[in-house]
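Coordinate-derived values only; no laboratory data. Predicted model, so just to flag it, every value in this text is computed and none were measured. Note that we place each Cβ from the backbone using ideal geometry, even for glycine, and neighbour counts take in every protein chain shown.
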Amino acid sequence: MAEVYGYIYAITNTVNGKVYLGRTLRIRARWNEHRSDLRCDTHRNPKLQNAWNKYGEEAFAFSVVARAKSATELNDLECSLIVTMGAEYNLKSGGYFDHHSEESRKKIGDAARGHKRWLGRRHTPETIAKMCQRTMSQEVREHLSRVAAATRLKMSEAQKGNSKSLGNKHTPEARKKMSDAALATWALRKGRV
């Protein structure tokens with residue numbers, strides 16, 4: 001028997017029977033990711049998130065629907081099962097080349113319409129000239145140099161009399177203790193102790 005490449009899983013709402021289908025290579029980790037996002041109200045699928053919020057965690061069951069032996073088979077299985085099982089919570093048609101459903105595309109388009117975004121727009125040449133003139137003016141440069149000088153002076157004054165670590169060196173004993181502590185910490189992290 002060939003080794004399993006990946007899984008198709010279902011998150012089923014036991015109250016109304018609606019389903020979300022997905023694919024993964026790491027079944028347990030994927031369910032934990034879904035639950036974590038749903039519990040924190042940050043899941044990227046609003047249909048599933050709203051149902052989770054409405055019915056509660058107890059109303060959802062996670063199950064493996066199919067196993068695949070290759071990436072192509074996994075993608076094909078996901079696409080066909082989304083259609084045959086009528087996965088109501090899925091926003092996309094599935095597979096490697098996910099496409100938004102017509103309903104999702106309409107919602108995305110409606111949400112984007114009417115926004116006054118700067119995306120793809122440019123300043124006019126007159127505006128650019130004004131910004132350059134303002135930035136390069138002697139008055140602005142003098143103001144910035146005064147602010148910078150005042151800031152440097154404040155920082156210098158704040159450090160005067162600070163002997164906490166300014167110019168002080170650790171003793172060889174203290175350095176040895178810090179080194180031993182750091183080595184022990186790294187050994188614990190790597191499981192060597």
- Message: Starting from the 7 Å offset along Cα-to-Cβ, what nm value, one decimal, do you get for the label separation of K107 and T14?
- Response: 2.6 nm
- Item | 5 Å-binned pair-distance histogram of segment 6-112 (Cα, whole percent) | 2, 12, 22, 24, 21, 13, 5, 1, 0
- Task: Measure off 7 Å from each Cα along the Cα-to-Cβ vector at D76 and L183, then give the distance between these two points in nanometres to one decimal.
- Result: 5.8 nm
- Average Cα contact separation per residue, segment 6-112, under 8 Å, 6 or more apart, as relative contact order %: 33 percent
- Item | Ordering of 177-184, 44-51 by burial proxy (mean other Cβ atoms within 10 Å per residue, highest first) | 44-51, 177-184
- Task: Run the quick spin-label model on N50 and A129: label points 7 Å from Cα toward the beta carbon, then report their separation in nm to one decimal.
- Result: 5.2 nm
